[in-house]
Amino acid sequence: MSSGTSVPSPGCALTRGRLAGVISDDAGRPPLDAARLAAADPDLLPGLHVEVLDAAPSTNALVAERAHEGAAEGLVLVAEHQTAGRGRLDRTWETPPRSALTFSVLLRPTAPTHSWPWLPLLTGYAVAKALRAAGAEAEVKWPNDVLLGQRKVSGILLERVETASGPAAVVGIGINVGMTADELPVPEAVSLAVAGVEVDRTDLLVDVLASLWEAYTTWQEGGDLAGMRLAESYAAACATLGSEVRVDLPSGEVLTGTATGIDPSGRLLVAHDGGRTAVSAGDVVHVRPV
């Protein structure tokens, strides 16, 4: 599926591979720095194996294939140009070469299945935390979009994969980094560059992976207390809470009310005339401000 040479590292292994050919230096955008990725602090990225592909249709699809083949937890596939990326509800995610970070991570959680709905939420929280550290005023829109103001800078797609060695989670992350205003797909989108935040993509990739790994291991190992702290941290970073929202349900029904909190299962609590309703990420089509 990819070809390349592994670069040894005590904490983070890296391979640079190729799918669909080598791309040129598009719009003066430099490639990810393989040497710096391979030399990343092993305490930040323990056990992760990062593979950088010049181009790929969908990193989520490739990681799912590798999961079925028995790949271990910690595999990270990064595409310099993702040509057929997917978001929630099969929405498309396309970016010009080297203008974004598009990557997927393989996780094999041992936490109880009933707590898995927290995975997309903690991923969104981890991405927003890394972006804030880079100077962006990032917030989370429940369940897992990351916003700058009211515009989307990052999308997340989590898929469960049944494998011979047990269920796995494929976490796909896309972050608009260097896209110009003309390159943004919709008016509701934004990039870090358009927002005036200059970052190095290699540094940002390391920071996001470190933030995600920290949140994931805390969730895995921390029990109920860690779950409560995660819920509190997520709520503090969530722009949805306290606002009037319209929740579109798959049945065609619409729920309107005030987003008041996140319950222990990661569901959004919406107060309305009839009381209060908890909705899960898998049960909604859209959540929008009224």
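The values are calculated or read from the model by the stated rules, or taken from the named source; none is laboratory data. Quick caveat, the model's predicted, so the values are computed rather than measured. FYI the Cβ positions are ideal-geometry reconstructions off the backbone, even for glycines, and counts take in every protein chain you see.
Tabulated data
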read-out: The lone exception for TYR234 - which of (1) among the hydroxyl-bearing types (Ser, Thr, Tyr); (2) in contact with a Lys or Arg (Cβ under 6 Å, 6 or more places away or on another chain); (3) within 22 Å of LEU158 (Cα to Cα) it fails; value: (2)
read-out: Qualifying residue in segment 269-280 (condition: at pLDDT below 90, of a type outside the set (Phe, Trp, Tyr) and in contact with an Asp or Glu (Cβ under 7 Å, 6 or more places away or on another chain)); value: no
read-out: Qualifying residue in segment 174-189 (condition: within 14 Å of the chain's Cα centre (by Cα) and within 26 Å of GLU232 (Cα to Cα)); value: yes
read-out: Qualifying residue in segment 196-215 (condition: surrounded by 14 or more Cβ atoms within 10 Å (Cβ to Cβ) and assigned to a strand (DSSP E or B)); value: no
read-out: Which listed residue is modelled with pLDDT under 95 and either surrounded by fewer than 21 Cβ atoms within 10 Å (Cβ to Cβ) or not in a strand (DSSP E or B) (or both), from LEU62, LEU89, LEU32, LEU131; value: LEU89
read-out: Hits in segment 181-190 (condition: in a loop (DSSP other than H, G, I, E, B) and either touching a helix residue (DSSP H, G or I) at 6+ places or on another chain (Cβ under 8 Å) or at pLDDT below 95 (or both)); value: LEU184, PRO185, VAL186, PRO187, GLU188
read-out: Flag if ALA193 is closer than 24 Å to GLY174 by Cβ and of a type outside the set (D, E, K, R); value: yes
read-out: Cβ-Cβ under 6 Å pairs, at least 6 apart or on other chains, segment 156-176 side over 11 Å from ASN60 (Cα atoms) and not assigned by TED's automatic domain parsing to the domain that holds TRP118, far side of a type in the set (S, T, N, Q) and outside any strand (DSSP E or B); value: none
read-out: Hey, ALA111 part of a loop (DSSP other than H, G, I, E, B), under 18 Å from GLU214 (Cα atoms) and not assigned by TED's automatic domain parsing to the domain that holds PRO250 or not; value: yes
